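These notes concern the structure reproduced below.
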Amino acid sequence: MSGCGCDSVKGHLTPYADALENLVRAAVPVPETESVGVFDALGRVLAAPLVSRVDVPPADNSAMDGYAVNAADVASAGEIRLPISQRIPAGEIGAPLEPGTAARIFTGAPIPEGADVVIMQERVRREGDVIVFTGPYAPNTNVRFAAEDIACGSEILERGMRLRAQELGVAASIGSVQMEVFRRLRVGVFFTGDELVEPGQALAPGQIYDSNRYTIVGLLKTLGCEVIDLGIVGDTFEQTRSALQTAAAEADLVITSGGVSVGEEDHIRAAVESLGSLDMWRVKIKPGKPLAFGQVNGTPFLGLPGNPVAVFVTFCLFVSPYIKRMQGLAAAQASPMQVRADFDWTAGKRREFVRAKLVENEAGENAVQIYHHQGSGVLASTTWSDGLVNIPDGQAVAPGDWVEYLPYTRLLA
Ligand code: AMP
Ligand code: MG
């Protein structure tokens with residue numbers, strides 16, 4: 001994949017924005033789409049615009065429980081008395097309104113022909129079959145118009161958007177039964193390291209639990225991917241190569257953790273190059289400097305660092321937008337918020353993505369605090385935080401300064 005212009009020259013660090021842009025540009029959306037039931041469309045990416053074939057609401061209807069009248073009968077100031085001529089609950093069509101009368105009406109019931117105002121029932125006194133209230137009322141008061149929500153022929157949902165509960169509701173409101181979505185992305189993953197052990201087993205000296213597996217699989221599921229999880233893979237060239245082959249054959253994208261450095265126990269690079277090609281990007285960020293990108297037998301490959309915090313951060317910053325683009329999402333990159341800092345920061349040599357959360361500062365403004373220990377092995381910082389503050393290299397921060405904040409909800413939506 002030397003065509004992406006990001007081949008790292010020894011000693012050269014790729015700027016964050018370039019790495020992100022090149023990566024997103026290289027991502028190819030899955031071409032296949034499928035039709036699924038509206039409930040099953042939750043979290044999927046819409047593959048064709050949804051156009052309404054109906055008006056919503058289908059007819060003018062009452063916004064209130066009350067009395068439907070004609071504006072000409074209620075235009076005068078002062079007390080107005082009208083007899084009740086009919087009763088229209090929701091779901092029924094009333095008769096045309098007799099002039100000089102009121103129709104008892106309920107919320108959502110169609111406005112009868114000849115009426116164009118609804119008097120709220122709380123504003124009305126009943127005297128037997130006569131209502132008494134104070135005018136004047138302007139035409140259209142308390143009326144919901146036909147098509148005021150959705151007009152027949154209009155595009156209500158755009159191709160390339162992720163479907164949330166409210167999109168399912170809107171689709172149902174126009175009578176949709178099925179929705180056209182991109183097929184699920186299949187992601188093959190494995191986790192390199194002879195020191196790794198599955199939770200549930202006792203740790204021998206020198207061993208640690210494989211946490212990256214849970215972080216990465218969880219993040220992939222959060223993004224709605226199908227996961228092909230090959231588990232822990234030992235630090236040999238043969239095992240790494242064989243896992244890569246299996247994952248590449250079954251998945252649209254292969255993701256690994258660990259083994260991307262240049263130590264003797266790091267086999268990702270050689271194994272990937274034996275089956276395809278690889279660029280090692282040394283991205284000028286902290287945490288997460290090394291990021292490997294390439295292809296294995298034609299399947300795109302992303303190699304994450306081993307360090308658990310770096311895994312989480314690089315997934316949020318790079319893997320997530322890459323996956324979103326492959327899933328067919330139009331907006332792959334998260335938009336940051338500008339908020340006040342509620343912390344001090346000493347300028348560093350690399351752009352730093354600091355685990356942070358939104359709080360209210362002493363002035364009552366939205367502000368971000370940062371976790372007290374930003375070490376790249378401190379996974380607790382990821383659970384304490386709700387997002388990342390993006391601090392450019394060379395920039396110091398004092399409380400009250402504006403900083404860029406990327407909430408996880410945006411990075412992973
Ligand atoms: P590596 O890039 O393979 O040298 O790994 C860097 C650091 O991350 C080492 O301290 C590893 O033990 C640790 N590490 C690698 N993979 C995992 C994993 N799956 N879970 C937890 N820690 C890991
Ligand atoms: Mg390793």
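The values are calculated or read from the model by the stated rules, or taken from the named source; none is laboratory data. Here the structure is a predicted model, which is why all the values come from computation and not from measurement. Note: ideal-geometry Cβ built from the backbone for every residue, glycine included; neighbour counts use all protein chains shown.
Here's a check for you: in region 250-289, which residue that is among the hydrophobic types (A, V, I, L, M, F, W, C) and away from ligand 2 (no atom under 16 Å from the Cβ) is surrounded by the fewest Cβ atoms within 10 Å (Cβ to Cβ)?
Once the filter is applied, the top-ranked residue is L275.
So which pairs qualify, if the first residue must be in region 197-218 and in contact (Cβ under 8 Å) with a residue 40 or more places away in the chain and of a type outside the set (S, T, Y), the second must be assigned to a helix (DSSP H, G or I) and within 16 Å of ligand 2 (Cβ to nearest atom), the Cβ gap must be under 8 Å, and the two must be at least 6 apart or on different chains?
Sorted first by the residue in region 197-218, then by its partner, the pairs are N212/P308; N212/V311; I216/V311.
Go through the residues of region 183-206 one by one and say whether even a single one is basic (K, R) and either at pLDDT below 95 or within 16 Å of ligand 2 (Cβ to nearest atom) (or both).
Scanning region 183-206, I find no residue that is basic (K, R) and either at pLDDT below 95 or within 16 Å of ligand 2 (Cβ to nearest atom) (or both), so the answer is no.
Please count how many residues of region 177-219 are part of a loop (DSSP other than H, G, I, E, B) and over 24 Å from H267 (Cβ atoms).
Qualifying residue count for the region: 7.
For region 313-326, does any single residue satisfy the condition of being assigned to a loop (DSSP other than H, G, I, E, B) and at pLDDT 95 or above?
No, region 313-326 contains no residue that is assigned to a loop (DSSP other than H, G, I, E, B) and at pLDDT 95 or above.
Please determine, by comparing only the residues of region 224-248 that are in contact (Cβ under 8 Å) with a residue 40 or more places away in the chain and of a type in the set (S, T, Y), which one is farthest from V187 (Cα to Cα).
T240
Identify, by number, the condition in (1) more than 26 Å from R183 (Cβ to Cβ); (2) more than 16 Å from ligand 1 (Cβ to nearest atom); (3) in a loop (DSSP other than H, G, I, E, B); (4) hydrophobic (A, V, I, L, M, F, W, C) that A332 doesn't meet.
Checking A332 against (1) more than 26 Å from R183 (Cβ to Cβ); (2) more than 16 Å from ligand 1 (Cβ to nearest atom); (3) in a loop (DSSP other than H, G, I, E, B); (4) hydrophobic (A, V, I, L, M, F, W, C), the one that fails is (1).
Quick one: in region 375-405, which of the residues that are without any contact (Cβ under 8 Å) to a residue 60 or more places away in the chain and part of a loop (DSSP other than H, G, I, E, B) is nearest to the chain's Cα centre (by Cα)?
Among those that are without any contact (Cβ under 8 Å) to a residue 60 or more places away in the chain and part of a loop (DSSP other than H, G, I, E, B), it is D386.
If Y214 passes every condition in (1) aromatic (F, W, Y); (2) surrounded by 23 or more Cβ atoms within 10 Å (Cβ to Cβ); (3) away from ligand 2 (no atom under 16 Å from the Cβ) but one, which one does it miss?
The number of the failed condition is (2).
Return only the number of the condition from (1) among the β-branched types (V, I, T); (2) more than 27 Å from R241 (Cα to Cα); (3) more than 26 Å from the chain's Cα centre (by Cα) that I370 does not satisfy.
Result: I370 fails condition (3) only.
Got a number for residues in region 383-413 being touching a strand residue (DSSP E or B) at 6+ places or on another chain (Cβ under 6 Å) and among the hydroxyl-bearing types (S, T, Y)?
3
Of R144, R164, R159, R183, which residue is over 30 Å from Q333 (Cβ atoms), basic (K, R) and more than 16 Å from ligand 1 (Cβ to nearest atom)?
R144
The conditions are (1) part of a helix (DSSP H, G or I); (2) away from ligand 2 (no atom under 16 Å from the Cβ); (3) buried (at least 19 other Cβ atoms within 10 Å of the Cβ), and P300 fails exactly one of them. Which is it?
Checking P300 against (1) part of a helix (DSSP H, G or I); (2) away from ligand 2 (no atom under 16 Å from the Cβ); (3) buried (at least 19 other Cβ atoms within 10 Å of the Cβ), the one that fails is (1).
Just to be sure I understand, how many residues within region 266-307 are within 12 Å of ligand 1 (Cβ to nearest atom), among the small types (G, A, S) and under 17 Å from L244 (Cβ atoms)?
Residues that pass the stated criteria total 3.
One line per residue, one yes/no per condition, for (1) out of contact with any Lys or Arg (no Cβ under 8 Å at 6 or more places or on another chain); (2) in contact (Cβ under 8 Å) with a residue 12 or more places away in the chain:
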| site | (1), (2) |
| --- | --- |
| P31 | yes, no |
| N61 | no, yes |
| N70 | yes, yes |
| D73 | yes, yes |
| S76 | yes, yes |
| P89 | yes, yes |
| F106 | yes, yes |
| P110 | yes, yes |
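For region 249-265, give me each residue that is touching a residue at least 60 places away in the same chain (Cβ under 8 Å) and either closer than 12 Å to G294 by Cα or within 14 Å of ligand 1 (Cβ to nearest atom) (or both).
Hits for region 249-265 are L253, V254, I255, T256, S257, G258, G259, E265.
Would you say A75 is in contact with a Pro (Cβ under 7 Å, 6 or more places away or on another chain), surrounded by fewer than 21 Cβ atoms within 10 Å (Cβ to Cβ) and closer than 12 Å to Y137 by Cα?
yes
Can you name the number of the only condition in (1) in contact with a strand residue (DSSP E or B) (Cβ under 7 Å, 6 or more places away or on another chain); (2) of a type in the set (D, E, K, R); (3) within 22 Å of L20 (Cβ to Cβ) that K349 fails?
Evaluating K349 over (1) in contact with a strand residue (DSSP E or B) (Cβ under 7 Å, 6 or more places away or on another chain); (2) of a type in the set (D, E, K, R); (3) within 22 Å of L20 (Cβ to Cβ) leaves (1) as the failure.
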